[in-house]
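Encoded as structure tokens, the structure appears first; notes follow it.
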Amino acid sequence: MTTVQKRRIPWYLWPFWALWKLVSGIVEFTGRIVAVVLGLVLMIVGIIVSLTIVGVVVGAPLAIVGMLLTLRGLF
């Protein structure tokens, strides 16, 4: 069995640690929002391109990549 040790942050470093956690949370949330929006745009473009017979070759994979990117951003 392995034991997990929690590292305690010294009181004088706590403000820097808290600021770091805040900034990293904002960057992570922004990345997720960008992924969802970009995925939705790719899905819409892929569906529009797929309306023609020739465009299915490009549009279907584009829509699939958009769907996967949206799912990755949500979960």
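Average accessible surface for the chain: 89 Å² per residue, computed with a 1.4 Å probe over protein heavy atoms with every protein chain in place.
Here the simple spin-label model places points 7 Å from the Cα toward Cβ, and for residue 8 and residue 24 these points are separated by 2.1 nm. Packing order of peptides 18-27, 40-49, 66-75, highest average first: 40-49, 66-75, 18-27 (average count of other Cβ atoms within 10 Å over each peptide's residues).
Just the number, please: carbon plus sulfur as a percent of the accessible area of the chain, 1.4 Å probe, no ligands or DNA/RNA counted. Using a 1.4 Å probe with all protein chains present, the chain comes out at 78 percent carbon and sulfur. Placing a label point 7 Å from the Cα of residue 64 along the Cα-to-Cβ line, the residues of segment 36-51 whose backbone N sits under 15 Å from it are 43, 46-47, 50.
The values are calculated or read from the model by the stated rules, or taken from the named source; none is laboratory data. In this text, all values refer to a predicted model and were calculated from it rather than measured experimentally. For neighbour counting, all protein chains shown are included, and Cβ atoms are generated from backbone atoms with ideal geometry for every residue, glycine included. For the accessible areas, the whole protein counts, side chains as well, though only heavy atoms, and no ligand, DNA or RNA atoms are used. Shrake-Rupley method; radii C 1.70, N 1.55, O 1.52, S 1.80 Å.
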